[in-house]
1. Please report Rg over Rh for segment 82-160, where both radii come from the alpha carbon positions and Rh follows the Kirkwood definition.
2. Under 24 Å between alpha carbons: how many lysine pairs meet that in segment 5-157, if sequence neighbours fewer than 8 apart on the same chain are excluded?
3. Sort out for me the Cα centre separation of segment 45-62 from segment 80-130, rounded to whole Å.
4. Using DSSP, restrict attention to beta bridges with both residues in the chain and report what percent are antiparallel, rounded to the nearest 5.
5. Taking the Cα centre of the chain as origin, sum charge times position over the Cβ atoms of Lys and Arg (+1) and Asp and Glu (-1), and report the length of that vector in debye to the nearest 20.
6. Rg and Dmax of the chain over Cα atoms: what are they, in angstrom?
7. Semi-axes of the equivalent ellipsoid for segment 58-98, please: Cα gyration tensor eigenvalues, times 5, square-rooted, ordered largest first, whole Å.
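The numbers here are math on the coordinates, done by the rules we state, and not lab data. On a predicted model such as this, the values are computed, not experimentally measured, just so you know. Counting neighbours? That spans all protein chains shown, and the Cβs are built from the backbone with ideal geometry, glycine included.
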Amino acid sequence: MTQSSIDTRLTSGDHAPDFTLTDDTGEQISLTDFRGRRVILYVYPEAMTSGCTTQACDFRDSLQSLAAAGYAVVGLSSDPPEKLAEFRALEGLTFALLSDPDQSVQKSYGAYGEKQALGKTKVGVIRSSFVIDEEGKINLAMYNVKATGHVAQLRRDLAV
């Protein structure tokens, strides 16, 4: 096995890797912009696909309760900002979507690498979520999550 995301997986207490990326509006967003707030960073394979749409809409529909509990939500994919803007408009998403075209941030979070899909090993995005505390530490790292039901599970884990 070659070096993969398994080698760099984050766990509770780890420092969340900092980043600055372009969002769906063309603005630069940094993780440090969220210091003092809790943030859920979720990594998904591709905007406007069925699973990613389901997951994004679940976050959209849960955003009010997550925000009331003090959580910001940020989506992250390899898609260009223009596609993210289209996705946001099409699905009525009300949280930032970040573009990571070279997968550097995904790799730093262990969310890009070797994975099993349909019985085969391949390299790609590993659907993941990270709960980051006010000081930039990982509270919860979840890898290989399912698109359907993930937000409900996350809300249960966070007691939201």
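1. Numbers: Rg = 14.3 Å, Rh = 14.6 Å.
For segment 82-160, the value is 0.98.
2. Eligible lysine pairs with Cα atoms under 24 Å apart amount to 11.
3. Spelled out, the Cα-based centre of one part sits 11 Å from the other.
4. Details: 22 of 32 bridges.
Roughly 70 percent of the beta bridges in the chain run antiparallel, per DSSP.
5. Numbers: 16 positive and 21 negative charges, 125 e Å.
In total the dipole reaches around 600 debye.
6. 14.5, 43
7. On the way: eigenvalues 84, 24, 8 Å².
The equivalent ellipsoid of segment 58-98 has semi-axes of 20, 11, 6 Å.
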